[in-house]
Amino acid sequence: MQKYLFRSRVGRLSLALVVLFLSIGLFVDTRPAPGVVEAAGMSAHCDFTEQTTSGENRPDLVVRLPGDRVIIGNTTPRYQYGISLGANYGSVFVSSFFQGVGKQDWYPSPESNAFWGQYNRPYGLVPSWQLKPGMIWTPDNPDAFLPRYASRLSNNAAGILRSAQSKYVMDASYIRLKNLQVGYNLPERFSSRLGAQSTRIFVTGENLWTWSPLYKYADNIDVENATAPSDRQFVTNPNTLNPSGAFTDNSGDGYNYPMLRSFSLGATITF
């Protein structure tokens, strides 16, 4: 009987742990590597080499044991914070609110087309970040972030991107400028004409700026929507997980409606 790592310490580990295989790099060979079972239509060129818990290195697509997986990452948001800043100079005032998460991990599911693009399906949209220099493996770019360009590597049962591995644990920490307001207090003589004590006008912006390590790669995904399945109450099976530990309905994972940037103009009149 195999010992499942994520079940071996029940009661002391979070259910949000990311349990996966440890990727140590790519192997490139014109011949199939020893022990590799090739999937239909897939070459053994430029696939992943993984390391077992005993330290043994072996190519991907071989039979994997659950005990070879390790815990790397946690999808639970940790160190959540908010920062409010404000200043006044004469009749001008400025206020802002920043919100963020100091530590959080995200692993894109096999069906996260927003992340994998055509590695998921050949008719999928190619994310623009994948076209940046150095992202996709070629013989001249052996240290690329993504493997050889071939479709269905993430959603095919034998695809080299199907099983979760350490290379694609994404840092989903972030800081976001949620609100910025700039305004002006009108002179008292103007307010008195309106029969008011004071009058101020202001411009407000929402969700104006976001920074996250995730955007080094997947800058097409709203970082909050990658990790926060905000629409779970509308799905049929809200607690069903696939073998990679992701929700089967793809709620979150970059599929939810993104945070909108908005602007408004207003006035406050005090009588």
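For residues that are of a type outside the set (Val, Ile, Thr) and over 21 Å from the mean Cα position of the chain (by Cα), tally how many sit in the stretch 134-150. If you could, list the steps in order and put the result at the bottom.
Taking the stretch 134-150 first, the residues of a type outside the set (Val, Ile, Thr) are 134-135, 137, 139-150.
The next check asks that each one be over 21 Å from the mean Cα position of the chain (by Cα); those that pass are 137, 139-143, 148-150.
Here the count works out to 9.
Filter the stretch 218-271 for residues that are in a loop (DSSP other than H, G, I, E, B), surrounded by fewer than 19 Cβ atoms within 10 Å (Cβ to Cβ), at pLDDT 55 or above and touching a Leu at 6+ places or on another chain (Cβ under 8 Å) and give the result.
Answer for the stretch 218-271, where residues must be in a loop (DSSP other than H, G, I, E, B), surrounded by fewer than 19 Cβ atoms within 10 Å (Cβ to Cβ), at pLDDT 55 or above and touching a Leu at 6+ places or on another chain (Cβ under 8 Å): just 261.
More than 13 Å from residue 217 (Cα to Cα) and either outside any loop (DSSP other than H, G, I, E, B) or touching a strand residue (DSSP E or B) at 6+ places or on another chain (Cβ under 8 Å) (or both): which single residue out of 85, 125 fits that description? First the steps, then the outcome.
Numbers: 125 fails: either outside any loop (DSSP other than H, G, I, E, B) or touching a strand residue (DSSP E or B) at 6+ places or on another chain (Cβ under 8 Å) (or both).
Exactly one of 85, 125 is more than 13 Å from residue 217 (Cα to Cα) and either outside any loop (DSSP other than H, G, I, E, B) or touching a strand residue (DSSP E or B) at 6+ places or on another chain (Cβ under 8 Å) (or both), namely 85.
I'm told residue 193 meets every condition in (1) without any contact (Cβ under 8 Å) to a residue 12 or more places away in the chain; (2) touching a His at 6+ places or on another chain (Cβ under 8 Å) except one. Can you identify the failing condition by its number?
Failing condition for residue 193: (2).
Please find, among 148, 162, 176, the residue that is part of a strand (DSSP E or B) and in contact (Cβ under 8 Å) with a residue 40 or more places away in the chain.
Values: 148 fails: part of a strand (DSSP E or B); 162 fails: part of a strand (DSSP E or B).
None of the other options fit; the residue is 176.
Residues being surrounded by fewer than 18 Cβ atoms within 10 Å (Cβ to Cβ) and modelled with pLDDT of 85 or more: count how many of those fall in the stretch 130-139.
From the stretch 130-139, those surrounded by fewer than 18 Cβ atoms within 10 Å (Cβ to Cβ) are 131-136, 138-139; that's our starting set.
Next, only the ones that are modelled with pLDDT of 85 or more stay: 131-136.
Count: 6.
Could you tell me whether any residue of the stretch 125-133 is more than 22 Å from residue 214 (Cα to Cα), of a type in the set (A, V, I, L, M) and out of contact with any helix residue (DSSP H, G or I) (no Cβ under 6 Å at 6 or more places or on another chain)? Walk me through it before giving the result.
Applying the first criterion (more than 22 Å from residue 214 (Cα to Cα)) to the stretch 125-133 yields none.
Within the stretch 125-133 (the criterion being more than 22 Å from residue 214 (Cα to Cα), of a type in the set (A, V, I, L, M) and out of contact with any helix residue (DSSP H, G or I) (no Cβ under 6 Å at 6 or more places or on another chain)), the answer is no, since none of the residues qualifies.
Please specify each residue of the stretch 100-123 satisfying the condition of being over 17 Å from the mean Cα position of the chain (by Cα) and surrounded by fewer than 16 Cβ atoms within 10 Å (Cβ to Cβ).
122, 123
For residue 173, are the conditions met, namely being closer than 30 Å to residue 223 by Cβ and at pLDDT below 85? Reasoning before the result, please.
Numbers: closer than 30 Å to residue 223 by Cβ: yes; at pLDDT below 85: no.
It is false that residue 173 is closer than 30 Å to residue 223 by Cβ and at pLDDT below 85.
If you take the residues of the stretch 88-99 that are in contact with a strand residue (DSSP E or B) (Cβ under 6 Å, 6 or more places away or on another chain) and not in a loop (DSSP other than H, G, I, E, B), which of them is surrounded by the fewest Cβ atoms within 10 Å (Cβ to Cβ)? Outline the logic, then answer.
Step one: of the stretch 88-99, the residues in contact with a strand residue (DSSP E or B) (Cβ under 6 Å, 6 or more places away or on another chain) are 91-99.
Subset that is not in a loop (DSSP other than H, G, I, E, B): 92-99.
Details: 92: 11, 93: 16, 94: 14, 95: 16, 96: 17, 97: 16, 98: 16, 99: 18.
In this case the residue turns out to be 92.
The values are calculated or read from the model by the stated rules, or taken from the named source; none is laboratory data. Just so it is clear, the structure is predicted and the values come from calculations on it, not from any experiment. Reconstructed Cβ throughout: ideal geometry from the backbone, glycine too, with neighbour counts over all protein chains shown.
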